Amino acid sequence: LWKVKRLESSLGQIWRKHMHLGRIGAKRGWGMRGEAPVQRLLLQCSALRNEMIHFVYNFQYYLMFEVLEVSWDDFEQKMKTVPSLDELIDAHS
């Protein structure tokens with residue numbers, strides 16, 4: 001989960017760089033229809049980045065609510081029934 005959050009942060013940094021490049025392109029008159037090769041490349045990169053962000057958000061949701069929450073519920077149930085610390089450690093692994 002930590003690595004996925006790091007990836008989300010990296011994609012956010014890339015988004016900020018793309019926004020900066022877009023502003024530079026607007027000042028230089030690249031046009032909005034993708035006429036310049038740089039503008040077309042930036043649009044393709046933005047589309048790919050958006051797909052990656054969408055995937056990362058959905059993957060985070062899956063990890064948090066479909067994997068961790070279920071595992072935590074199972075662990076809580078085992079915690080109620082174990083009599084010793086050693087068995088609790090075994091239940092955790």
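Rounded to the nearest 20, the Cβ-based charge dipole of the chain about its Cα centre (Lys and Arg +1, Asp and Glu -1) stands at 1320 debye. Relative contact order for the chain: 28 percent, from Cα pairs under 8 Å spaced at least 6 residues apart, divided by residue count. Surface composition of the chain: carbon and sulfur make up 62 percent of the accessible area, probe 1.4 Å. Rolling a 1.4 Å probe over the protein heavy atoms gives the chain an accessible area of 83 Å² per residue.
Only helices enter the 222 nm calculation for the chain: every DSSP H run of n ≥ 4 contributes -39,500 (n - 2.57), and dividing by all residues gives -26500 deg cm²/dmol, rounded to 500. Rounded, prolate or oblate: which one fits the chain, using the alpha carbon gyration tensor with axes a ≥ b ≥ c (rounded when a/c is under 1.5, else prolate when a/b beats b/c, else oblate)? Judged from the Cα gyration tensor, the chain comes out prolate (a/c at least 1.5, a/b above b/c).
The values are calculated or read from the model by the stated rules, or taken from the named source; none is laboratory data. Computed from a prediction, not measured in an experiment: that's the story for all the values here. Cβ: placed from backbone, ideal geometry, glycine included. Neighbour counts: every protein chain shown. The area values use the complete protein model at the heavy-atom level, side chains included, leaving out ligands, DNA and RNA. Shrake-Rupley method; radii C 1.70, N 1.55, O 1.52, S 1.80 Å.
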